[in-house]
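Novice: Dropping the structure in here first, questions after.
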Amino acid sequence: MKLSNQQITAIKRKRGELNLTTSKLADETGVSRYTLSDIINRNKRNVQQKTFLKLNNWLIEQYTTLK
């Protein structure tokens, strides 16, 4: 599956807002820190379906949960 530019930007933005390291983001999303590093630093778009779903679900949770 392919991540959109908006999804990658949202992941980067939320990671920055929460001040998360790549390792901590990996813990929260269940996605490998190496995969996250590729997505964040190299704008890797093509990912496995399970990775896509994990990141999408994490984003939805972050934007819908009141803190």
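The values are calculated or read from the model by the stated rules, or taken from the named source; none is laboratory data. This one's a predicted model, so the numbers in the text were calculated from it and none came from an experiment. Every residue, glycine among them, receives a Cβ derived from its backbone with ideal geometry; neighbour counts consider all protein chains shown. Ligands, DNA and RNA are stripped out before the accessible areas are found, and what is left, the full protein with its side chains, is counted by its heavy atoms. Shrake-Rupley method; radii C 1.70, N 1.55, O 1.52, S 1.80 Å.
Novice: Please count how many residues of the stretch 12-67 are in contact with a strand residue (DSSP E or B) (Cβ under 7 Å, 6 or more places away or on another chain) and among the polar types (S, T, N, Q).
Specialist: Of the residues in that region, 1 qualify.
Novice: Looking at the stretch 44-56, I want the residues that are without any contact (Cβ under 8 Å) to a residue 60 or more places away in the chain and have a partner that is among the small types (Gly, Ala, Ser) with Cβ atoms under 6 Å, at least 6 apart or on another chain. Which pairs are those?
Specialist: LYS54/GLY30
Novice: If I filter the stretch 48-58 for residues that are within 10 Å of the chain's Cα centre (by Cα), among the aromatic types (Phe, Trp, Tyr) and closer than 13 Å to MET1 by Cβ, do I get at least one hit?
Specialist: Yes, the stretch 48-58 contains at least one residue that is within 10 Å of the chain's Cα centre (by Cα), among the aromatic types (Phe, Trp, Tyr) and closer than 13 Å to MET1 by Cβ.
Novice: Something else now. Please work out if LYS24 is open to solvent by 80 Å² or more (accessible area, probe 1.4 Å) and charged (D, E, K, R).
Specialist: yes
Novice: Also, quick follow-up: Is there a residue in the stretch 43-53 that is among the hydroxyl-bearing types (Ser, Thr, Tyr) and surrounded by 15 or more Cβ atoms within 10 Å (Cβ to Cβ)?
Specialist: Checking the stretch 43-53: at least one residue is among the hydroxyl-bearing types (Ser, Thr, Tyr) and surrounded by 15 or more Cβ atoms within 10 Å (Cβ to Cβ).
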